[in-house]
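Everything on this sheet refers to the single structure shown next.
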Amino acid sequence: MEAQPGRTNRRRFLLIAGLPLLAAGGLTAYAAWPQPDPSRVRVRTDLKPLESRFGTYVGELAEAHWLGYDIDESPGDRTIPSPDSRIRLVGVARLAAGGAAAIVRNAEYAFAPAVPASALPAPLEKYLPAGAVWQHSPQFDAYVNRPQSDALPSGEYHIDEARDLVRFDLVYLYT
């Protein structure tokens, strides 16, 4: 059946109408991303929890500033915990000298310049260097975010090769 001139077929119409709606939905989701309760926030600098989660993939961590919190917990919520917990780990860590270059230069990951999709929570902004040049690789994210024995991770890693930094924004689903 041939389309008549001036008429848009249904598939094309859905594509034209759906893409802006999908983009708006994505932006709304990032704007509504749960933020930690400022009265209970403590920027952490301990490395062991991060090394146990992704140190195997990024190498030795020299220092870190990060937050870890349950994104489903309401401030002051002292009820029975949900059977599924979603813990957000977000922050910036310095790798050992040359660590970022070793990751970025692995052709398998095809890192490319990118702007992180979500902003860091306010308490972490002062630890983010001005002028950082971030690179991202969906292939590296997929490699690192493989299911673990106790959790299902998801999220993104951005690397600044010149400063040996990794910026991470992850959610671990514990079931």
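Here is how the numbers come out for the structure above:
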| item | result |
| --- | --- |
| Residue match in region 67-82 (condition: modelled with pLDDT under 90, more than 15 Å from Leu165 (Cβ to Cβ) and outside any loop (DSSP other than H, G, I, E, B)) | yes |
| Residues satisfying the stated conditions in region 85-123, i.e. at pLDDT 95 or above, assigned to a strand (DSSP E or B) and open to solvent by 20 Å² or more (accessible area, probe 1.4 Å) | Arg94, Ala112, Pro113 |
| Residue list for region 129-147, filter: in a loop (DSSP other than H, G, I, E, B) and either open to solvent by 50 Å² or more (accessible area, probe 1.4 Å) or within 18 Å of Arg94 (Cβ to Cβ) (or both) | Pro129, Ala130, Gly131, Ala132, Val133, Trp134, Arg146, Pro147 |
| Long-range neighbours under 7 Å by Cβ, at least six apart or interchain, first residue touching a residue at least 12 places away in the same chain (Cβ under 8 Å) within region 83-102, second open to solvent by less than 10 Å² (accessible area, probe 1.4 Å) and charged (D, E, K, R) | Ala100/Asp160 |
| For Lys126: the one exception among (1) part of a helix (DSSP H, G or I); (2) under 17 Å from the mean Cα position of the chain (by Cα) | (2) |
| First in region 51-72 and within 18 Å of Leu152 (Cα to Cα), second anywhere and open to solvent by less than 40 Å² (accessible area, probe 1.4 Å) and of a type in the set (S, T, N, Q), Cβ under 8 Å, 6 or more apart | Asp70/Ser85; Asp72/Ser85 |
| Pairs, first within 19 Å of Gly99 (Cα to Cα) in region 114-138, second part of a helix (DSSP H, G or I) and open to solvent by 30 Å² or more (accessible area, probe 1.4 Å), C-beta under 9 Å, six or more apart | Ser137/Tyr143 |
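The values are calculated or read from the model by the stated rules, or taken from the named source; none is laboratory data. Because the structure is a prediction, the values reported are computed rather than measured. Virtual Cβ from ideal backbone geometry, glycine too; neighbours counted across all protein chains shown. Just so you know, the surface numbers come from the protein's heavy atoms only, side chains and all, with ligands and any DNA or RNA stripped out. Shrake-Rupley method; radii C 1.70, N 1.55, O 1.52, S 1.80 Å.
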